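Heads up, the thing below is written out as structure tokens.
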Amino acid sequence: MLLLCAHVALVSSHECAHDLITAEHEPHLSPQQYAGEGRPRAMLFGHAPHRALSSSELPAVRITFNTELMYTDSRTCFEVGSRVQIGSPPASLPPCQNTSTTNCVYTCTALDVLSAEDQSLLADKLLPATSAWFGAALRIRRPVSRKLRIQDYPCGFGGNIEIPQHVISKGVADSDLHIFVTTRPIAPGSKALAFAGHCQEDGGLTDPYSPRRPIMGHMNIKPLVITNYSAADFLRPKAVDRALKLLLHEVMHVAGFTSKKMEQFPCPEDPSFNRHIEGSFDLHSCNKGGSRDPVGPLERTVNGYQYTVTALRTPKVLQKARRHYNCADTVAQQGDAAHGCGSNAVSCIDGLPLEDYGGEGTAQSHWEKRILYSELMSGTVDSNLSPISDITLALFEDSGWFLPDYKVGSPECFVDPSWCVDEDDGGRQPRLRFLWGAGKGCSFVTGSCAGPVWRAPGYFCEDFSGTAACTLGRREVGRCTARTYTTALPPQFRYFDEPTRGGLAAEDYCPVWGAFSNYDCTWEQPEHDAFIRKTERDRGEKRGDDSRCFFTSLYNGTGVVDESPGCYPHRCLSQTRLQLFVAERWHACGEGGEGGSIRVPGWTGALRCPPATELCVEAEDLRWPDIASVEPSSGLAGGGTLITIAGTHLFSEDGTYVFVCGVNATSVEATTDGKLLVTTGAASDDLQGNATCHVRVSHVEGRYDTMYGAFVYIGPEPEQQPIDLSGGWTLDKALSLTMRLWPYLMSGVVALTFAHWMYVVFSELMVQRYMEQAHARAQCERDSRVSTTSR
């Protein structure tokens, strides 16, 4: 019997330590000047009224990088053998040990020193592509109108950075967020490949409410992220994609994907409620405005045990999560303004859990890994793929600062667009789809991972022997993460009869099929070239964009090998015709899409085909409504406005409801081209003035979509009630009278000022005219005397 596969450990390439690192500094306030507003004020937050830009007017966010410190930073390795400080070591300067995570003196190795070529790759290729991706992914609601102002205030993680004086004195042109980049080594005991955070933020806004937005930060990239590969390696799209995903993860932390910033987000049920407290960095609780807080506790019951997790409850995140997992609203939710689950917590999603593993470094500032396994913003990465989900983009929309483009492409497309061209139609390929839990229903999020929905291929596993298998989506080869611990697991995380058995702690001890670090079928990882060449010779494997994981016992020789997973290109000729590529040609799988096996003349064993429907039929269209536009965008509060809603899957034969500002439309009709003709209902009687609100399309089975701020109810001007003086004057009544008289007083002051200046101008003109007349008379008299003398 021959052993052909030599697997290395499961992928765990990056364990983020954001919260632990950023605890070194509290952000500093740095007021900015924004489009449509006056000069920045030295206040805690802005009050300046401004015209809100429409969605079509919003510009791309401008994230700029300063790379000067890559060449001058005292904590960066420029020579092999030099010693640099990591963190803030004590006076005794202890040397870094293999277990050290910070605060030690590090001796530089060859992998810690970037060559000029390495520096150029990062500064001139990867960072500009990162900036371009964010510019395409996010439009900013409140762009900086002049130069970004950077304050002279301590900043830096893993040790302070020295902000260049010219940045402080002159500011940064064409920037909404400026990030200083360093390439310092990271302590040997840390699993992080990078860390980042923000140091300065603007003053926010009170009307409408906006949290304080990060405007300056620091990002450190471990040198071996670059030095571990050759320049030729970075000509491969997947190598570039992997590096860019790391940069995107860290920049998202700087831009606001942090536990502290999430807590400051607008209130889910009343986003305009002003949470700022005058003269303080503290915030009002959303309960004061009749809403839930954006971040709060979520009760879960698993294995009969109840425990609490921290969850994000913002509207767009919940909408995208419900759509991804196909967790439609219950009847009770549809009648609840907050769409809360109440006591029915198993069959609906009331909040998306944040990571509770990893202590100060990882917890709270990432998605719960069990729920969003290997997604870009999970705290630990166990995949070479790291897809960017709509759920992550939705978080930035809920922040109130940005409007995402949910169709933004893959990061590597912004280095070389030719890498992302669809060979079939010449268009741009969509970014990698996030598959984990897709369409699995509410219980995937709220229930036990040992439940029925987790028993599908690629999820829950019970193999303790380390046998290799295909991961979810067949893009990688891996093994079950099940293991036996020396002590019993927490009761809510026990999925086996033996209380010491389970998966990794980061996944709530759920054993799942985790990927090997050397077995990504979709590209030839340069660091594993020898292993890849061996599998090509012995098993006919081939890696590339179209390669997937299949079980095989093929062997190019006379030996016999056990069946195990391998990587082979695939293509679909129809929904029932699947072909695999091996031994330099395409081979058809079984007739009628039933699977079968492939044998190669002169080889032993066979390559097993899955059913064609698994790979050749698109995922079932779950038909969630998707609103594209609402026209017209305003109407009278009395109702009766006919609006047209365009989009996809808007109408359901079972029943379709449209809510404008929470008011049920009086009629809903579908057109032949898929649009909805809707007549608005009357707004509530207490509506005064104009109210900007949301348009929601709901199907009777609970699927829905909401377009935020899509409609304006035009209501009557608010009536001012007379001041009741029956109880005498009070300070509040005096202030009320002052505020009522203030516009008239100001109008009077303006009128008097205008009259005064008109009088001054008129007087000056009269004096000037008198002087001109006097000068003319004097000149005439002189001319007359001269004439008389001449005679």
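Got a sec? Which of Ser169, Ser131 is part of a helix (DSSP H, G or I), of a type in the set (S, T, N, Q) and free of Cβ contacts under 8 Å to residues at least 24 places away in the same chain? Step through it out loud before you land on a result.
Details: Ser131 fails: free of Cβ contacts under 8 Å to residues at least 24 places away in the same chain.
Testing whether each residue is part of a helix (DSSP H, G or I), of a type in the set (S, T, N, Q) and free of Cβ contacts under 8 Å to residues at least 24 places away in the same chain leaves just Ser169.
For the stretch 272-287, indicate whether the set of residues that are touching a helix residue (DSSP H, G or I) at 6+ places or on another chain (Cβ under 6 Å) and not acidic (Asp, Glu) is non-empty. Break it down stepwise before answering.
If we filter the stretch 272-287 for residues that are touching a helix residue (DSSP H, G or I) at 6+ places or on another chain (Cβ under 6 Å), which is where we start, we get 273.
Those still in the list that are not acidic (Asp, Glu) too: 273.
Yes, there is a match, as at least one residue in the stretch 272-287 is touching a helix residue (DSSP H, G or I) at 6+ places or on another chain (Cβ under 6 Å) and not acidic (Asp, Glu).
Inspect the stretch 759-781 for any residue being open to solvent by 80 Å² or more (accessible area, probe 1.4 Å), modelled with pLDDT under 75 and over 30 Å from Pro625 (Cα atoms) and give the result as yes or no.
Checked the stretch 759-781: at least one residue is open to solvent by 80 Å² or more (accessible area, probe 1.4 Å), modelled with pLDDT under 75 and over 30 Å from Pro625 (Cα atoms).
Here are Ser365, Ser378, Ser399: which of them is open to solvent by less than 10 Å² (accessible area, probe 1.4 Å), at pLDDT 95 or above and of a type in the set (Gly, Ala, Ser)? Outline the logic, then answer.
Working: Ser365 fails: at pLDDT 95 or above; Ser378 fails: at pLDDT 95 or above.
Only one candidate qualifies: Ser399.
For the stretch 538-572, give me each residue that is within 12 Å of Leu615 (Cα to Cα) and touching a Cys at 6+ places or on another chain (Cβ under 8 Å).
Ser547, Arg548, Cys549, Phe550, Cys572
Which members of the stretch 545-556 meet the condition of being open to solvent by 20 Å² or more (accessible area, probe 1.4 Å) and either part of a loop (DSSP other than H, G, I, E, B) or closer than 21 Å to Trp513 by Cα (or both)? Working first, answer last.
Of the stretch 545-556, the ones open to solvent by 20 Å² or more (accessible area, probe 1.4 Å) are 545-546, 548, 551, 553, 555-556.
Selection gives Asp545, Asp546, Arg548, Phe551, Ser553, Asn556.
Which ones in the stretch 60-101 are over 26 Å from Val113 (Cβ atoms), open to solvent by less than 50 Å² (accessible area, probe 1.4 Å) and not β-branched (Val, Ile, Thr)?
The answer is Ala60, and nothing else.
Out of the stretch 304-330, which residues are in contact with a strand residue (DSSP E or B) (Cβ under 9 Å, 6 or more places away or on another chain) and either on the phi > 0 side of the Ramachandran plot or outside any helix (DSSP H, G or I) (or both)?
Gln306, Tyr307, Thr308, Val309, Thr310, Ala311, Leu312, Arg313, Thr314, Ala328, Asp329
Report the residue count in the stretch 631-658 for those that are touching a strand residue (DSSP E or B) at 6+ places or on another chain (Cβ under 6 Å), within 15 Å of His694 (Cβ to Cβ) and open to solvent by less than 20 Å² (accessible area, probe 1.4 Å).
Residues in the stretch 631-658 being touching a strand residue (DSSP E or B) at 6+ places or on another chain (Cβ under 6 Å), within 15 Å of His694 (Cβ to Cβ) and open to solvent by less than 20 Å² (accessible area, probe 1.4 Å): 3 in total.
So, in the stretch 472-521, how many residues would count as being assigned to a strand (DSSP E or B) and open to solvent by less than 40 Å² (accessible area, probe 1.4 Å)?
To start, the set of residues in the stretch 472-521 that are assigned to a strand (DSSP E or B) comprises 476-480, 483-484, 501-502, 512-520.
If we keep only those that are open to solvent by less than 40 Å² (accessible area, probe 1.4 Å) as well, we get 476-478, 480, 502, 512, 514-520.
The total comes to 13.
Looking only at the stretch 283-327, count how many residues are within 17 Å of the chain's Cα centre (by Cα), more than 19 Å from Val453 (Cβ to Cβ) and open to solvent by less than 10 Å² (accessible area, probe 1.4 Å).
7
Looking at the stretch 144-158, can you tell me whether even one residue there is in contact with a helix residue (DSSP H, G or I) (Cβ under 8 Å, 6 or more places away or on another chain) and closer than 17 Å to Cys77 by Cα?
Taking the stretch 144-158 and keeping what is in contact with a helix residue (DSSP H, G or I) (Cβ under 8 Å, 6 or more places away or on another chain), we get 147, 150-152, 157-158.
Of the ones still in play, those that are also closer than 17 Å to Cys77 by Cα are 157-158.
Checked the stretch 144-158: at least one residue is in contact with a helix residue (DSSP H, G or I) (Cβ under 8 Å, 6 or more places away or on another chain) and closer than 17 Å to Cys77 by Cα.
Does any residue of the stretch 155-175 turn out to be surrounded by 23 or more Cβ atoms within 10 Å (Cβ to Cβ), in contact with a Lys or Arg (Cβ under 6 Å, 6 or more places away or on another chain) and over 25 Å from Asn98 (Cβ atoms)?
Scanning the stretch 155-175 turns up no residue that is surrounded by 23 or more Cβ atoms within 10 Å (Cβ to Cβ), in contact with a Lys or Arg (Cβ under 6 Å, 6 or more places away or on another chain) and over 25 Å from Asn98 (Cβ atoms).
Among Thr446, Thr484, Thr467, Thr471, which is among the polar types (S, T, N, Q) and touching a Ser or Thr at 6+ places or on another chain (Cβ under 7 Å)?
Details: Thr446 fails: touching a Ser or Thr at 6+ places or on another chain (Cβ under 7 Å); Thr467 fails: touching a Ser or Thr at 6+ places or on another chain (Cβ under 7 Å); Thr471 fails: touching a Ser or Thr at 6+ places or on another chain (Cβ under 7 Å).
The match here is Thr484.
Could you please let me know if Gly197 is open to solvent by less than 20 Å² (accessible area, probe 1.4 Å), of a type outside the set (Phe, Trp, Tyr) and either touching a residue at least 12 places away in the same chain (Cβ under 8 Å) or touching a strand residue (DSSP E or B) at 6+ places or on another chain (Cβ under 8 Å) (or both)? Talk me through it step by step, then tell me what you get.
Details: open to solvent by less than 20 Å² (accessible area, probe 1.4 Å): yes; of a type outside the set (Phe, Trp, Tyr): yes; either touching a residue at least 12 places away in the same chain (Cβ under 8 Å) or touching a strand residue (DSSP E or B) at 6+ places or on another chain (Cβ under 8 Å) (or both): yes.
Yes: the conditions hold for Gly197.
So how many residues does the stretch 292-307 have that are in contact with an Asp or Glu (Cβ under 9 Å, 6 or more places away or on another chain) and modelled with pLDDT under 90? Break it down stepwise before answering.
From the stretch 292-307, those in contact with an Asp or Glu (Cβ under 9 Å, 6 or more places away or on another chain) are 292-295, 298, 302, 306-307; that's our starting set.
Still in the list and also modelled with pLDDT under 90: 298, 302, 306-307.
Qualifying residue count, the stretch 292-307: 4.
Consider Leu372 carefully, then state whether it is of a type in the set (A, V, I, L, M), outside any strand (DSSP E or B), modelled with pLDDT of 65 or more and open to solvent by 10 Å² or more (accessible area, probe 1.4 Å).
Numbers: of a type in the set (A, V, I, L, M): yes; outside any strand (DSSP E or B): yes; modelled with pLDDT of 65 or more: yes; open to solvent by 10 Å² or more (accessible area, probe 1.4 Å): no.
Against the criterion (of a type in the set (A, V, I, L, M), outside any strand (DSSP E or B), modelled with pLDDT of 65 or more and open to solvent by 10 Å² or more (accessible area, probe 1.4 Å)), Leu372 does not qualify.
Given the residues Gly602, Gly595, which is the only one that is over 17 Å from Thr471 (Cα atoms), assigned to a loop (DSSP other than H, G, I, E, B), of a type outside the set (Val, Ile, Thr) and open to solvent by 40 Å² or more (accessible area, probe 1.4 Å)?
Working: Gly595 fails: open to solvent by 40 Å² or more (accessible area, probe 1.4 Å).
Sole residue among the options that is over 17 Å from Thr471 (Cα atoms), assigned to a loop (DSSP other than H, G, I, E, B), of a type outside the set (Val, Ile, Thr) and open to solvent by 40 Å² or more (accessible area, probe 1.4 Å): Gly602.
The values are calculated or read from the model by the stated rules, or taken from the named source; none is laboratory data. Keep in mind the model is a prediction, meaning the values are calculated, not measured. Neighbour counts run over all protein chains shown; Cβ positions are idealised from the backbone, glycine included. Note: accessible area is taken over every heavy atom of the protein model, side chains too, but ligands, DNA and RNA are not part of it. Shrake-Rupley method; radii C 1.70, N 1.55, O 1.52, S 1.80 Å.
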